[in-house]
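What follows draws every value from the coordinates through simple rules; no lab data is involved. Note that the structure is a prediction, hence the values are computed from the model and not measured. Note that we place each Cβ from the backbone using ideal geometry, even for glycine, and neighbour counts take in every protein chain shown.
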Amino acid sequence: MEESKGGERDPYNPVDDSAMAVSGGGTADECDIPEFSLCAALVGHTGDVRSLAVGKRHLYSGARDSVVMAWPLDEDGHIDGTHVAPAAQVTLPDWVNALAVKSPAGGEEVIVGGCKDGGIYAVEWEEGGPAAVAAAAAAGGNGAKLVVRKTLLGHNAPISSLSWTSEGLLLSGSWDETAKAWDLETATCKWTLGGHENNVCVLGLGSGSVATGSTGLSVEGHLVGQQIRMWEGSPPKEWRSLTDHTSGIRDLCLVDAPASSLSSSPGHCFCSASNDATVRVWSEDGDCRAVVTIPGGGGGGGGGGMSAEGSVADVATGSADYAVRVFTPDSERFLRGDRLKEALEAVGGGSSSDACGGGASAVPGSAPPRGGRSGGGGENLPSTSEMSVMVGAEDGQLSAFACHETGEAKVFRWTEAVGGGGAKWEQLGALRPPVRKVAFEGGLYDKVIPVEVESASRGFLALQLGVNHGDDPKAVADAFCKKHSLGPEYLPQIEQFLFIASL
């Protein structure tokens, strides 16, 4: 994004007259692309946010902490501010990789979570539903809760994608190379689509047909077979294969667009996102209408930890720093000044680039900074200002004092008079508790972190990595990839896991 002319730009006050660079040399205004800026920062998860879905009154987020959170929308369907608390949350049996919401007219909203354990869990609001939450919140109460009502079992690998058919069936895609359709009322599988290449993403199209995408197979070091399949009928039969993408297809979504050069009628388009760093726009009959190239995108290792869900106006993103950020094109709702600074601090003290969605940051509740101490300082210890009137009981005695300037606990040793010098306290260093190590694969580590990678040749891999403070991330990532026979394209992803672990 280009800087506006006429003076230095305040990083905490987004301006309205800046231009966004687009392909072809045009500006945002010329191409009808609005400028988005941060309007809300939602903090509460303790794991990577992997999925988002929008309901009638809530934005739902699912993460690697196995929790689904419901964030309240206002009467206009917006989320604004820095002190938004989840209206409710529910813990599922494993990491939440996918979410879908069904909001039937006159019925209660159903939230469906797809997990790493291969299970699909239908979640509903307790009696009263979302309306009870809003009423109770207005009265100062806690409102209704989210509860798991049904469990759908049938996949034998992690769930990666969820959608709905136009007939109301739930679609699920998995690393078991299948897509399935479910009747949520009876919790039964209606049909299964096999023959995919590794991970499967799914999408129900408005015409009643179904689209599936695959991430491809590794054959002699080359990725092959990635494609979008178009299905029709009941049970569906494949009628077309789209092979334009040159790397794995990661996601599919509908485009709620007016009639234009992209489509002959409103809403009849869908998009595909791929590791080849492109998003392609397709008509429902499978004709490619547009290609958007993502600068710096793509890459083999999969997963940048980013997911997104949009409405007409706002876009929400969930990422590997555990935070959900909401962006808006409405300049009147931009966070500015102290409010923007507060929002960035809430998601870990990031720079002003975070206002545009950049960077991973620490979050409240994560581990203390490296070398720091969790909890307190020199509380209940004598102050260093009192040392002149305090003596040790014997030479070499160790005692702790609170620094009178910072309150930090320091360790001192009492040294008796030697060679005419006076007895005194000598500072040895800061007082820190012993570090508890974790035993893992024959070694001791500061922590053991989960590493989830998606291999084109071996499918979904749930691994672990022992790490110590001070380790060189590049060296650790390189050794890890060699140990597990992962190619160099996985190095950035492993380094990202190490970066998050170091916060």
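Note on L444 and N380: with the Förster distance fixed at 35 Å, the Cβ-Cβ geometry gives a FRET efficiency of about 0.65.
Just so you know, the Cα atoms of the range 151-192 work out to an Rg and Dmax of 9.5, 26 Å. Overall shape of the range 64-105 was characterised from the C-alpha gyration tensor. The equivalent ellipsoid obtained from it has semi-axes of 22, 16, 8 Å, in decreasing order. Both radii were evaluated on the Cα set of the range 44-89; the Rg over Rh quotient, with Rh as the Kirkwood radius, amounts to 0.96. Ordering Y445, Y121, Y322 by the number of other Cβ atoms within 10 Å of each residue's own Cβ, fewest first, gives Y445, Y121, Y322.
All other residues whose Cβ lies under 9 angstrom from that of G392 are scored, Lys and Arg at +1 and Asp and Glu at -1, for a net of -2.
Volume per residue for the range 164-258 equals 102 cubic angstrom (convex hull of Cα atoms). Can you bin the range 384-430 into rounded, prolate or oblate? Criterion: square roots of the alpha carbon gyration tensor eigenvalues sorted a ≥ b ≥ c, rounded for a/c under 1.5, prolate for a/b above b/c, oblate for the rest. In terms of gyration-tensor shape, prolate.
As a ratio to 2.2 N^0.38 Å, the alpha-carbon radius of gyration computed for the range 438-502 takes the value 1.06.
Pairs from the table (K190/K237; K341/K474; K102/K237; K116/K150; K102/K145) lying more than 22 angstrom apart at Cα are K341/K474; K102/K237.
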